[in-house]
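The values are calculated or read from the model by the stated rules, or taken from the named source; none is laboratory data. Note that the structure is predicted; figures quoted are calculated from it, not measured. Here the Cβ positions follow ideal geometry from the backbone for every residue, glycine too, while neighbour counts run over all protein chains shown. These accessible areas exclude ligands, DNA and RNA; they are computed on the full protein's heavy atoms, side chains included. Shrake-Rupley method; radii C 1.70, N 1.55, O 1.52, S 1.80 Å.
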Amino acid sequence: MKIRELKEILEAEILTDTSGLEIEVKMACGADLMSDVLSFTKARALLLTGLTNSQVIRTAEISDMKAICFVRGKKPPTETIDLAKEKNIPLLVTNLPMYESCGRLYQKGLPGCSEIEE
Amino acid sequence: MDAKEKISVIQELAYELKVGEVMKKEVITVSPNNLIADLREILRDNRISGTPVVDKGKLVGIISLEDFIKCLLDGEMEIPVSQKMTQSIQTLYEDEPLIHAINKFEKLNYGRFPVVARENGKLVGIITKGDIIHGLLQRLENEYYEEEIKRLRASHFFEDIIADESRIILQYNIVGNDFKRAGESSSRLKKTLTRLGIRPQVIRRLTIASYEAEMNIVIFTSQGKIITNIQPSQIKLSAIDSGPGIPDVEQAMQPGFSTAPDWIREMGFGAGMGLANIKKCADEFSINSKVGQGTQIEIIINLE
């Protein structure tokens, strides 16, 4: 699914430049625990999280995630956005809570990390 | 590479390169009021065989060494350039592909073309066959070097090293309690491993382990280091810190067991998954810790 499409589904706002909208994600993962992300996610995934510190970007970078969407309308601090730009990881914000964000994407066919073979 | 391929590389470049990339940007110009006699020094001093004629910023003609020689033979040295210049000027746009310039040189057999900007028709440069050859050669040379550099750095790295044993050691020094910079070393390690042409799956396992280890050093200790020892058959990663050490290693290895302070948990870490995660990424794992002295974690990932 392209970021452009999931942006529509989540009624999200993009915080980085719009070239990121063409990036494709294979699956999604919702987590507020970065060790869980490191442990269970696979490459080319979207991360949905309520955390906004810059470690979220580092975690996404290390685990080869393609994009991050912050839920519950949480806007990250500038340093987080700057790091994401440096690492070419698109950032989105949705006002939807975590459960509903995941639900909408799942309903539209974006699978979870356990369903995809790497 | 056979002759046919060689031609196609040059042709490709001729389509890719723009006139503006190979033209001379510093253009010697003359005014229409300059005398033909003035041309001698201008052409000689600048070692050029022709120059655009510009009047109040506008390109009005072009005058060549050939025109000058004709005037010299006819004894017409004291007349203004405007009387002898070629007025129907053939120009090129700076954003045109080089192939257009090559075709124009072939078709018209001129020595040079003034280059103008498409938006305002202003003179921005001048191009000769020599500039085209120079531009193409330079691009070929650059591409050759890029190719060489890639060849040197990528997966052939070890194959190119002739030794009984070879290894690369990368060391990263970690500052404790500096949460802002935590993860930076693992990020740098990841970039370096990518450049070395290590397989992405291996890089991922290695850097996840390194990131968890780095976070532990930052959260619990005052300083430490992460050392990666890369050999053709395996990569060994060691995370070493100088204390405080883990009182009960077995307990610490249990997923979910944590002694992290609340502020670390709020950051999404310290949930007691780190050591278990590191072990999960490794083919071989060992941990050694002494209270008051420090902790040493070592993992091995096999490459073959």
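So what is the accessible area of the range B:17-58 per residue, in Å², with the probe set to 1.4 Å? Walk me through the numbers on the way to the answer.
Values: 2590 Å² over 42 residues.
Value returned for the range B:17-58: 62 Å² of accessible area per residue.
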Inset, instruction - Obtain the nm distance between the two label points defined at B:L72 and B:I168 by a simple spin-label model: each point lies 7 Å from its Cα along the Cα-to-C-beta direction. - result: 6.1
Inset, instruction - May I ask you to evaluate 6.51 cos²θ - 1.76 cosθ + 1.60, the Karplus curve with θ = phi - 60°, for each residue of the range A:29-43 and list the ³J(HN,Hα) values in order in whole Hz, giving x for glycine and proline? - result: 9, x, 7, 10, 10, 5, 5, 5, 4, 4, 7, 10, 8, 10, 5
Legend entry - Square roots of 5 times each gyration tensor eigenvalue, C-alpha, chain B, largest first, Å: 70, 22, 15
Inset, instruction - Straight distance only, please: which aspartates and glutamates reach the Cα of B:K122 with their own Cα at less than 17 Å, same-chain residues fewer than 8 apart left out? - result: B:E21, B:E26, B:D55, B:E94, B:D95, B:E96
Inset, instruction - Return the residues of the range B:178-193 for which accessible area with all protein chains present is lower than in the chain on its own by 30 Å² or more; set the probe to 1.4 Å and exclude ligands, DNA and RNA. - result: B:K180, B:S187, B:K190
Inset, instruction - With a 1.4 Å probe on protein heavy atoms only, tell me which residues of the range A:57-97 lose at least 30 Å² of accessible surface in the complex relative to the chain by itself. - result: A:R58, A:E61, A:I62, A:D64, A:E79
Inset, instruction - Could you run the numbers on buried accessible area between A and B, total for both chains, 1.4 angstrom probe, in Å² to the nearest 100? - result: 1900
Legend entry - Among B:K191, B:K58, B:K24: highest mean-square fluctuation, GNM of chain B, C-alpha pairs under 10 Å: B:K58
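Can you show me the helix-derived [θ] at 222 nm for chain A, built from DSSP H runs with n ≥ 4 at -39,500 (n - 2.57) apiece and divided by the number of residues, rounded to the nearest 500. It would help to have the intermediate numbers written out before the result.
Details: 5 runs with 41 residues, N = 118.
Calculated from helices alone, the mean residue ellipticity at 222 nm is -9500 deg cm²/dmol.
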Legend entry - Cα convex hull of chain A - mean projected area over all directions, nm²: 6.0
Inset, instruction - Quick one: order B:Y172, B:Y144, A:Y99 from most to least accessible surface, probe 1.4 Å. - result: A:Y99, B:Y144, B:Y172
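Let me check I've understood the local charge: for B:N177, count other residues with C-beta under 13 angstrom from its C-beta, Lys and Arg +1, Asp and Glu -1. What total comes out?
Numbers: positive: B:K180, B:R181; negative: B:D178, B:E214, B:D241.
After counting each charged neighbour, the total is -1.
A:S101: net charge of surrounding residues, Cβ under 15 Å, Lys/Arg +1, Asp/Glu -1, itself excluded?
So the surrounding residues net to -1.
Rounded to the nearest 20 Debye, what is the dipole magnitude of the range B:140-284 about its Cα centre when Lys and Arg each give +1 and Asp and Glu each give -1 at the C-beta? Before the final figure, lay out the partial values.
Numbers: 18 positive and 20 negative charges, 57 e Å.
In total the dipole reaches around 280 debye.
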Inset, instruction - Name the long-range amide H neighbours of A:L48: under 5 Å, sequence gap of 5 or more, or other chain; modelled H, no Pro or chain starts. - result: A:C29, A:G30, A:A31, A:C69
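Provide the gained length on full extension for the span B:L303 to B:Q231, in nm with one decimal, where the gain is 0.36 nm per separating residue minus the Cα-Cα distance.
Details: separation 72, 0.36 × 72 = 25.92 nm, distance 0.87 nm.
Here the segment from B:L303 to B:Q231 would lengthen by 25.0 nm.
A 24 angstrom limit on the alpha carbon distance is what I want to check against. Which of A:K26/A:K108; A:K85/B:K280; A:K85/B:K190 exceed it? Please report the intermediate quantities before stating the final value.
Working: A:K26/A:K108 13 Å; A:K85/B:K280 30 Å; A:K85/B:K190 17 Å.
In this structure, A:K85/B:K280 lie more than 24 Å apart at Cα.
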Legend entry - From phi via Karplus (6.51, -1.76, 1.60), per-residue ³J(HN,Hα) for the range B:112-127 in Hz, x at Gly/Pro: 7, 10, x, 10, 10, 7, 5, 5, 10, x, 6, 5, 10, x, 9, 10
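Against the 2.2 N^0.38 Å scaling, with N counting residues, where does the protein assembly as shown land? I'd like the Cα-based Rg ratio to two decimal places.
Details: Rg = 32.1 Å, N = 422, 2.2 N^0.38 = 21.9 Å.
That ratio works out to 1.47.
Efficiency by 1/(1 + (r/R0)^6): what FRET value for B:N142 and B:D248, r their Cβ-Cβ distance, R0 = 56 Å, to the nearest 0.05? Working shown, then result.
Working: r = 59 Å, r/R0 = 1.06.
Calculated transfer efficiency: 0.40.
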Inset, instruction - Take the range A:33-78, drop everything but the C-alpha atoms, weight them equally and run the Debye formula without solvent; then report log10 I(q)/I(0) at 0.17, 0.31, 0.32 Å⁻¹ to two decimals. - result: -0.41, -1.26, -1.32
Inset, instruction - Report the residue, chosen from B:L196, B:L73, B:L140, that carries the largest GNM mean-square fluctuation when chain B is represented by alpha-carbon nodes joined by springs under 10 Å. - result: B:L73
Inset, instruction - Taking the dipole about the Cα centre of the protein assembly as shown, with the C-beta of Lys and Arg at +1 and of Asp and Glu at -1, give me whichever of B:Y145, B:S242, B:L35 is farthest to the positive side. - result: B:L35
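Between A:E100 and A:R44, what is the FRET efficiency for a Förster distance of 25 Å, r being their Cβ-Cβ separation, to the nearest 0.05?
Numbers: r = 23 Å, r/R0 = 0.94.
With a Förster radius of 25 Å, E is 0.60.
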Inset, instruction - Return the carbon/sulfur percentage of the accessible area of the protein assembly as shown, one whole number, probe 1.4 Å, all protein chains in place. - result: 49
Inset, instruction - Pick out which of A:K42, A:K74, A:K108 has the largest mean-square fluctuation in a Gaussian network model of chain A, springs linking Cα atoms closer than 10 Å. - result: A:K108
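Using 1/(1 + (r/R0)^6) with R0 = 60 angstrom and r between the beta carbons of A:K87 and B:L35, what's the FRET efficiency to the nearest 0.05? Intermediate results must be reported in sequence, preceding the final value.
Working: r = 63 Å, r/R0 = 1.05.
For A:K87 and B:L35, the calculated efficiency is 0.40.
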Legend entry - From the C-alpha gyration tensor of the range B:1-148, square roots of 5λ in Å: 33, 16, 13
Inset, instruction - Could you state how much accessible area A:T78 has, in square angstrom rounded to the nearest 10, with a 1.4 Å probe and all protein chains kept in place? - result: 100
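Length gain on complete extension for the stretch B:N46 to B:E16, per 0.36 nm per residue less the alpha carbon to alpha carbon distance?
7.8 nm
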Inset, instruction - Roll a 1.4 Å probe over the protein chains and send me the accessible area per residue for the range B:146-304 in Å². - result: 53
Legend entry - Accessible-area order (highest first, 1.4 angstrom probe) of the listed residues B:R47, B:R167: B:R47, B:R167
Legend entry - Which of B:T194, B:T128, B:T221 is most accessible, then next, and so on - probe 1.4 Å: B:T194, B:T128, B:T221
Legend entry - Acute angle (nearest 10 degrees) that the helix B:65-74 long axis makes with the longest principal axis of chain B, alpha-carbon atoms: 20
